[in-house]
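Input: a single structure, listed below in structure tokens.
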Protein chains: 2
Amino acid sequence: MNRDTSNLLARRERVLSPSYRLFYEQPVHAVRAQGCWIEDADGQRYLDAYNNVPVAGHCHPRIVTAMAQQGDVLNTHTRYLTEHPILLAERLLATLPDALGKVILTNSGSEANDLAIRISRMVTGRRGVIVTDCAYHGTSDLLQGMSPVTGLPLGPDVHAITMPLAPEGPEQFAALVGEAIARMEADGIRPAALLVDTIFGSDGAIADPPGFLAGGVDAIRKAGGMFIADEVQPGFGRTGAGMWGFARHGIVPDLVTTGKPMGNGQPVAALVMRDMLALEFARMQRYFNTFGGSSVSCAAALATLDVIEDEGLIANAARIGQRLMAGLAPMIEASPALTGLRGAGLFIGVQTVSGDIAAAIVNAMRRGGVLIGAAGRGNAALKIRPPLPINVTEADHLLESFARALAKVEVSNL
Amino acid sequence: MNRDTSNLLARRERVLSPSYRLFYEQPVHAVRAQGCWIEDADGQRYLDAYNNVPVAGHCHPRIVTAMAQQGDVLNTHTRYLTEHPILLAERLLATLPDALGKVILTNSGSEANDLAIRISRMVTGRRGVIVTDCAYHGTSDLLQGMSPVTGLPLGPDVHAITMPLAPEGPEQFAALVGEAIARMEADGIRPAALLVDTIFGSDGAIADPPGFLAGGVDAIRKAGGMFIADEVQPGFGRTGAGMWGFARHGIVPDLVTTGKPMGNGQPVAALVMRDMLALEFARMQRYFNTFGGSSVSCAAALATLDVIEDEGLIANAARIGQRLMAGLAPMIEASPALTGLRGAGLFIGVQTVSGDIAAAIVNAMRRGGVLIGAAGRGNAALKIRPPLPINVTEADHLLESFARALAKVEVSNL
């Protein structure tokens, strides 16, 4: 570690809350980034195979320019009539099923999920919420109780289903949701919503078989509750199969939340819902979000949508995702440390035998200049989730780095 | 209304949730803004005497440039070691009492307040929260129950004090907080925190006598609770008396939250707290905020701090605030429609006899090209809160517009 880095670490400890955690045994001191590459203070370059926020690639010039141009002209809120939030809502709705007709813009996926829960509870007049057992849905007080992956207890009226890593199909998922509803109702709580990340990112990337989610959606609706698709992870093309993760499951949610990749790094997020829910909610209470829908945030989101479309990033996610899957499959077959391969497009989960093994691979790859992460139960699943413009050469570099790290970890750990 | 505006209004109704509300009988269709001026689609210019978010003036070139330059280089999160969040935390702490030593960065004042409540509850092991009866503290599920100005019921374990518009002093405020503690404890709830906007913005701008807040702070501490200063409204120099609203009251909070003006429009906010609270919280649970502390947001906040300092905006807030107060005082004296003048620096509240009168003045001024708002009980207080660089000519223009609007409203309403 060079001196600048250790000085900066000391300053960081002095002023930032100890809640802050750095990735990797040896943290990455990032000073610049472009496309799928991050450069550290020593000039070492890292292939970023982890970050979904810069969906169009780090520091995409078109998005930076759009923000700067808008910043020069107007950056205001939605109490004045301005074009940007309307344009953005129109563009979002054009990518979504017709049944979803009304948009509220926020600053983070957390704010969008918090509001989605509030609306589903107000409109149904019920309290019960079902999540998966390694779910993560955000930072607010309400959502910490719906994010069991953090190790915190479930909130009041929240029940979790134990998510299988290899679901059998819609019947099994319907049964899991049905059991949670039954437990909830036995406690005298009626179900308001099923809240699911449609790529199950923090559960370790559970994507197949396509359509399995439909069983749970039917079950919650039969019980009078809403289905909320948390698209913070899979949204904006990550799965390589259209814009939204729920589409692979052939379902239409009642509410959809977005976040992380929406502004390629700019804090912007959204809640989209059925018209009737928006009407009922507006009848019952006020909602205003100061920065939500502000002009520069909307300009970033609009430019991000343009880049996803113009650069064919969804098709690229599908193509490179397949290449990565094809390259990983034989390694998983051959290694006693690895037990499964899951995911869709550029959200890939590699199951390892333990959190320690996963951490060892993550840190070995970081030393080799490739950034990935871990998630799921016991942090035993490797999470591979690069910016969408990753190309063939970069994907092959990732696979080589993975193979080398795996070999080292096998030698020293197994 | 021109055709573009009515078309845009129709598009807006189609895609945005009906929760969205526009200001003014005749909405302002904003297309550009600079300094203290907003221009509409017809080319009419409005003096902005309402917006505290663009604290350094709309579209400040130095802040826009800082964001664009950072956006070109790196825009990432706090799981990597980067300089920007550390620099920003250092700069913030340098403006705050020494007892406040640890920072968490968020995207909005709502996220900061939500977290402040969570920390005060976890660390005290108690639930009770005291707010004022027209308080507004944010949009999250938790905070809606602490924002009675929205008309929603108080949340569980939340008690409100009836805030006098002209407090007598610290003893009276101590008694009010003491009564709320007693009510709370009679319900079996122990007090965790007193949460107060230190300029009482949504209560109608209650600033005097300086020091009155100290009584309440003593009372909550004696009862074992924390004092949270919500600086979203008064922070960053608005009161003309230093950076923070609480300083006028000679107190040191346990937790301080910031928001709106912090990035001059960029979604960035912070929670600053005593070291021990940060340590205890980190011991008890994880916290990570994806966009909180991201490089471009920090660059915006750092540039905003630079501009506040280099352009002497706090001194300007004091000087122009006094000029506005001096100009308003005789009008209030003379008018049967107006009953009081409150505030500090460039947060000014003019009490009117009713919400209807306040709305009539607000709309008359808007027709005359000056933007103000209303707040407080029954929305009967006028809220005058321009960007801090407002100059003498602009202030006099505001006063003339106010006088004209008042005369019109007196003729037609009294």
Relative to the isolated chain, which residues of the stretch B:1-22 have their accessible area cut by 20 Å² or more in the presence of all protein chains (1.4 Å probe, heavy atoms, no ligands or nucleic acids)? B:L8, B:R11, B:R12, B:R14, B:V15, B:L16, B:S17, B:P18, B:S19, B:Y20, B:R21, B:L22
Kindly give the distances from A:G312 to its copy-mates, label point to label point, with each label point 7 Å from Cα along Cα→Cβ, as nm values to one decimal ordered shortest first. 6.0
Would you tally the net charge around B:V73, using a Cβ to Cβ cut-off of less than 13 Å, leaving B:V73 out, and scoring K and R as +1, D and E as -1? -2
Per residue of B:96-107, count partner chain C-beta atoms within 10 Å of its C-beta, then hand back the mean as an integer. 3
Over 38 Å apart: what share of the alpha carbon pairs of the protein assembly as shown falls there, rounded to a whole percent? 39
GluC sites (Glu not before Pro), restricted to the stretch B:142-228: which are DSSP loop and have at most 16 other Cβ atoms within 10 Å? B:E168
Leading residue at positive end of dipole, chain A (Cβ point charges), from A:A299, A:L255, A:N2: A:N2
Helix-only [θ] at 222 nm, chain A, -39500 (n - 2.57) per DSSP H run of 4+, per residue, nearest 500, equals -13000 deg cm²/dmol
With all protein chains present, the stretch A:61-310 has a carbon and sulfur share of its accessible area (1.4 Å probe) in percent of 54
Total charge of the residues flanking B:E90 in space, meaning their Cβ is under 14 Å from its Cβ, with Lys and Arg +1 and Asp and Glu -1, is +1
How much of the DSSP beta bridge set in chain B is antiparallel, as a percent to the nearest 5? 65
With +1 on the Cβ of every Lys and Arg and -1 on the Cβ of every Asp and Glu, and nothing else charged, how large is the dipole of the stretch A:61-310 about its Cα centre, in debye rounded to the nearest 20? 600
What whole-number volume per residue, in cubic angstrom, does the convex hull of the C-alpha atoms of the stretch A:61-310 give? 117
Shielding by partners for B:274-284, please: the mean number of other protein chain Cβ atoms within 10 Å of each residue's Cβ. 2
Where the label is 7 Å out from Cα toward Cβ, how close does B:E400 come to the same position in every other copy, in nm, shortest first? 7.3
Percentage relative contact order, the stretch B:61-310, counting C-alpha pairs under 8 Å, at least six apart: 29
Using the 7 Å Cα-to-Cβ label point, sort the distances from B:R11 to its equivalents in the other copies shortest first and give them in nm to one decimal. 4.5
Between B:F173, A:Q233, A:Y287, whose Cα lies farthest towards the positive end of the dipole of the protein assembly as shown when Lys and Arg beta carbons carry +1 and Asp and Glu beta carbons carry -1, centred on the Cα centre? B:F173
GluC sites (Glu not before Pro) lying in DSSP loop within the stretch A:23-116, provided at most 12 other Cβ fall within 10 Å: A:E25
Summed for both chains, how many Å² of accessible area, to the nearest 100, are buried between B and A with a 1.4 Å probe? 7900
Per residue, accessible area of the stretch B:32-173 with a 1.4 Å probe, heavy atoms of protein chains only, in Å², comes to 31
Among the lysines in the protein assembly as shown, how many pairs, 8 or more places apart or on different chains, have alpha carbons under 25 Å apart? 9
Local net charge near A:R377, Cβ-Cβ under 10 Å (Lys/Arg +1, Asp/Glu -1): -2
Would you work out the charge dipole size for the protein assembly as shown about its Cα centre, treating the Cβ of every Lys and Arg as +1 and the Cβ of every Asp and Glu as -1, and quote it to the nearest 20 debye? 280
List every DSSP H helix in chain B whose Cα atoms extend 15 Å or more along the helix's own long axis and whose mean Kyte-Doolittle hydropathy is at least 1.0. B:295-310
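The values are calculated or read from the model by the stated rules, or taken from the named source; none is laboratory data. All of these numbers come straight from a predicted model, not from anything done at the bench. Glycine gets a Cβ as well: all are built from the backbone with ideal geometry, and neighbour counts include every protein chain shown. In case anyone asks, the SASA skips ligands and DNA or RNA and just uses the protein heavy atoms, side chains included. Shrake-Rupley method; radii C 1.70, N 1.55, O 1.52, S 1.80 Å.
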